[in-house]
Amino acid sequence: MKVINQHENIGSSGLIALVLASTVAASADVIRQTVSYPPETVAGWANIHFGGDDATGLSFEMTALGFETGGTMFLKVHPSQTTEVLLKDWGVLPLQAGDAVSLAPVMGQWGASGLESFVFSMSYTSFPESPPPGQGVGMPGYGSFMGVRFLSATDWHYGWVRFGPLDTSPAPGLGWPSLLEYAYETVPNTPILIPEPSARALFLSGCGLFCFYARRRTMG
C-alpha cells in the first residue's frame, strides 16, 4: 500500500510525489497547480512551494495515536517561517467554494508562521462497530479547502489548498483525503476566491464518498 507523504512515507519506501503535474493560470493574476502521484498510491500529501520558492511553502505529516483497540490518525501541516494557515481553535479551518481568503477572514484567524496544526483526523477501531466519522478538511460534511498565505518581501499573497478523494487510489474506501491542487494570487495583498469545483471533481468526490459510506455500512 502506497501512502505518499514527503515528510515520511507510510507503508512504502523511497517514493516521492510527482508535484506540479499541471500548472494553469486560473485568471490573469491567479496561479493554479494540480498534484499527481505514482500509480497505486492510496493517498498523498505532497509538499508545496509557492512560486517555486522553498522558503515559502507547506509540508505535511501523517501521525497516529494508537491504543489496544484502535486509535486516531492525524494529518498535520507544517508551514514555513514565511507561510501561515487559516485556523479555527487548534485545527485548520475547513473552507468551501465561494469563501474568500484575505487579510481579515470572516471566520478563523491566521496562525503564526511555522506553527503546525491538524488538517484532519480519522479514528479506527478493532471492534465490529464503525468508528466515529472523520473531522476536518476534506472529510464528509466539512469543506474541502484550507486557506493559506505566504510572505514575499513585505507583502502577503493569499491562496488555497484543496483536498479530496484520489481518483487513482486502489483503496478509496479508506476515506483519506489527498492533497489535489492549490492556487495563489500573484498580486500582493489581494484576496482570492475559492472557485466552484468542476463537474469532473464533483463526480470523483461523489464516487469517493459513496465508497467511504459503503465501506462503513459493511463494517457495521
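What net charge do the residues around H157 carry, taking every other residue with its C-beta under 13 Å from that of H157, with Lys and Arg at +1 and Asp and Glu at -1?
-4
When the Karplus curve 6.51 cos²θ - 1.76 cosθ + 1.60 is applied with θ = phi - 60°, which whole-Hz ³J(HN,Hα) does each residue of segment 95-109 get, with x for Gly and Pro?
10, 10, 4, x, 6, 9, 10, 8, 4, 10, x, 5, 10, x, 8
What is the Å³ per residue value for the convex hull set by the Cα atoms of segment 98-180?
138 Å³
I'd like to compare 110-116, 141-147: which one has the highest average count of other Cβ atoms within 10 Å, and what's the full order after that? Walk me through the numbers before you get to the answer.
Details: 110-116: 14.7, 141-147: 22.4.
By packing density, highest mean first, the sequence is 141-147, 110-116.
What is the sum of charges around P105, taking Lys and Arg as +1, Asp and Glu as -1, for the other residues whose C-beta is under 13 Å from the C-beta of P105?
Every neighbour counted, the sum reads 0.
Each reported figure results from applying straightforward, stated rules to the coordinates on display, with no laboratory input. Treat the numbers as computed from the prediction; the structure is a model and nothing was measured. Counting neighbours? That spans all protein chains shown, and the Cβs are built from the backbone with ideal geometry, glycine included.
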